[in-house]
Every structure is written in structure tokens, then in C-alpha cells.
Amino acid sequence: MVKKDSSLISEFVRISKYFGQRFDLVQAAGGNTSIKDGDRMFIKSSGYSLAEVSSKYGFSVLSNNKLIKFLKTTTNVKIDKSIEKASFDVLRRSIISGNAPSIETFTHSMLKKYTIHFHPIAGNIVSTSNNSKKIFNSIFEEEILDKIFFYIKYKTPGIALASEIMRIVNPHKESILKNKYTILFLENHGLICSSDNADDLIAYIEEIMVKLERYSKVNFKRYKITSLISEILWKNDFNDLVSYYSEDIFINSFVKSKFPAGFSKPLNPDQLLYCGESALVVNESLEKEIPRFIKKFKTYPRVIIISKSIYFISSNILKAREVEDVFKSHLYFYKLSKSHKSLSKENIKRLDSYNPQKNRLRFWFDYLK
Ligand SMILES: [Zn+2]
């Protein structure tokens, strides 16, 4: 892989993970990210969740010009089954590497360098309401006038949606080119946001979310902390990790109670393997305490408790849920037994250097080399 591609791909993975770990923005394998580089477009493959995209799998590379050429032939044409079929053929023929690019690939093809499509809860509270267009017009009045925001009527995901977007945005091509952002608000579906600057786009999306949350009187701060945790871990060389906010009733009732110090000491090998030697209970600030933890334990924290909220860290959301499972079982031992004998320092040391144990967690291995 050429060097330029590896930095593009790591940027792609970072953006995908940023959105994929956020329950308020993306659920299950929904949503999609893409980056354009000349004629090439890197885009998430269908069926992968954004949080599991990695530098080795979960994305495809396509020839963007082929997609745009086809898309242009669909303007003002009624999208029927034969056009849909032709669109799948073009999608297949435009693949440079990877397989099964997302069905939303066409909608990404006509936008700016970085495009993020996601299904935010706060956005879809509005988009699924009977008065969605009216509410949209009232929240984003200025942005609509500036040709930054566009309302897109519901269409089947794929070529029908892409063609409708083209029809709506085409008359404003010049303003769109000048504007830093293009935001498409999809009726009964979600958002598509695009810009030539990734970090600014993420910050702008967070601002949009605050406006939408304010309108619906919800506060998703607890999910947003996952981004904060992961960014600190990434800065400390633990790239590719994601954080997951636990809503498990049993675990939450425990962390909301007054728990004694040292409660997270491993009681069995699996707890050490999945949850680490200790949970990080944040008293001061995440920015200070995560690096301090890494220095002390020579690895990252798997379990983080911040003001009565609990987060699990792993390489993707499914694996973070495995950490949650193991931690929950540990809390049962802890709560229901009167006394506990945790693993000795020697046993922890032996397990830490015992490869057959570590191999059970595949991805772990890389971090402990
Ligand atoms: Zn979607």
C-alpha cells in the first residue's frame, strides 16, 4: 500500500469509528462514511458497522467518475426496476478494490471530499414527525437561505434517493461549491453531511446535533462522552479503539451505589483478560487520568467510570459488549459473596505473559507486543 493511501485509510477509519461508537448518531450497521481522492472514493462496505471498520477490512475503493456519469443519466427520469438494476451493475463495475460497497454510494459520489451519512436519534425525532419539513425550516432557517441545508423528500435508499438529491441540489451548484458544508436532511431517514475538511465537519455536525436536541428537549451528553474517551485513547497511541456507554440496569445500579475502592480487582482469568487489572474511576479529569492509568498499567483501561456512568472500551462495539458481560458477572460475585479472594500479583503476572490466554482476544495481541 502506498504511503498516501495508508494515511487516507487511517483518516477514514478514525472518522468511521468516531461515528460508529456513538449510539445517538448511529445504531447497528447503519450509516456510512466516504473520502474522495481524485477519481477514487473510499467508502464503507455494506453490512459492516462503522465502529468495526479497520485499516484491513470494512471498506471498498471505487471509481467515482463512473458513478457520477451514470447518476447524471437518471436526472428527471422515473426510477424503475430496470434503472435500479443498471445502477447495481455500474456500482459493481466501478469497484477498484473491496466488495459490496454500500447502496448509498451514489449519494456520496456527487458531494465534497468527506461525506458522512448517519441516523441521529435527535434528527430522526424531527424527520419522522408529521411536520418534519416545517420544523426543519424553523430550526435551520438561516442555513437553508445560505444553501447549506436541504430537505430531501423520502425516497428508497440507493439510486432513487441519489437521483432525488441530484434534482434538489443541482440548481444551487455554485453556492454549494462556495459553501464549506452541505447538509442533506432526509425525510424518515437521517442526515448526509459533507465538507472538504474532516475535523471541521465533525465539529459542525456536533453543533447541528445540539440544535436538534434542544428542539426535542433531549440531552445525549452520556453518549457524546464516548467520543471524548476515544479521542484521548487515540492521542495516546491506542488507535482503533472505541468506547461504549453501558445502559445495563444491574451494572448501573452498582456504579450509582457507594462502591468500595479496589472492587474491580480480577477474581478470575477472564476478568483480567477482558476488563484489565483495574477499572479507571475518574475523579478529576479524563484528560489527566487516562494517560496516568496507561503509564501505571502499561495498557489502556477497559472499564471507565465517570460520575456514575460506566463505559467499556474495545476494538468495536460488539467486543465492548463482551467486556460489559464479563464485568457484570464479576459484579455478581462481588455483590453476592461476603468475602472475595482476588488473583494474586504473581498469578496476574503469569496470565499477562501467557499467550494461549491472550490469543482468545485476537485484537489484544497487537497491543501487548
Ligand atoms: Zn441510511
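Computed values, structure above
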item	result
Which of Tyr300, Ser6, Gly20, positive extreme of dipole for the chain (C-beta unit charges)	Tyr300
Cα-based reach from Lys17 at 16 Å (exclusive), listing aspartates and glutamates while leaving out same-chain residues under 8 positions away	Glu52, Asp199, Glu206, Glu231, Asp237, Asp240
Arg14, Arg92 arranged by Cβ crowding within 10 Å, fewest neighbours leading	Arg92, Arg14
Chymotrypsin sites (Phe, Trp or Tyr not before Pro) within segment 28-61, DSSP loop, no more than 12 other Cβ atoms inside 10 Å	Tyr57
Per-selection Kirkwood Rh - segment 206-290 (Cα, Å, 1 d.p.)	15.5
Cα-based reach from Lys178 at 16 Å (exclusive), listing lysines while leaving out same-chain residues under 8 positions away	Lys112, Lys113, Lys147
21 Å Cα-Cα threshold exceeded, pairs from Lys235/Lys298; Lys295/Lys349; Lys180/Lys211; Lys134/Lys224; Lys235/Lys349	Lys134/Lys224; Lys235/Lys349
Dipole magnitude of segment 7-163, debye to nearest 20 (Cβ charges: Lys/Arg +1, Asp/Glu -1, about Cα centre)	460
29 Å tail of the calculated P(r), the chain, as % of Cα pairs	47
Selection from Gly58, Ser132, Ile152, by position along the positive dipole direction of the chain (Cβ)	Gly58
Cα coordinate range in segment 17-165, projected on the principal axes (Å, largest first)	43, 38, 28
Average Cα contact separation per residue, segment 3-219, under 8 Å, 6 or more apart, as relative contact order %	21
Residue among Asn197, Ser45, Val90 farthest towards the positive dipole end of the chain, charges placed on Cβ	Ser45
Karplus-derived 3J(HN,Hα), 6.51/-1.76/1.60, for each residue of segment 177-192, Hz, glycine and proline x	4, 6, 6, 6, 10, 10, 10, 10, 9, 8, 4, 6, 8, x, 10, 10
Candidate lysines for bridging to Lys338, where Cα separation is under 23 Å - those fewer than 8 sequence places away on the same chain excluded	Lys256, Lys258, Lys265, Lys328
Normalised contact order of the chain, rounded percent, pairs of Cα under 8 Å and 6 or more residues apart	14
Sum of -39500 (n - 2.57) over DSSP H runs of 4+, divided by residues of the chain (222 nm, nearest 500)	-14000 deg cm²/dmol
Value of relative contact order over segment 148-230, rounded to a whole percent, pairs C-alpha under 8 Å and six or more apart	24
Segment 4-66 - Rg (one decimal) and Dmax (whole number), Cα, Å	11.3, 34
Alpha-carbon centroids, segment 231-261 and segment 98-159: separation in whole Å	32
Net dipole in debye of the chain [+1 Lys, Arg Cβ; -1 Asp, Glu Cβ; about Cα centre; nearest 20]	700
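None of the figures in this text is laboratory data; all of them are computed from the coordinates on show. Bear in mind the structure is a predicted one, so any value in this text is a computation, not a measurement. Using ideal geometry, Cβ is built from the backbone for each residue, glycine included, and neighbour counts are taken over all protein chains shown.
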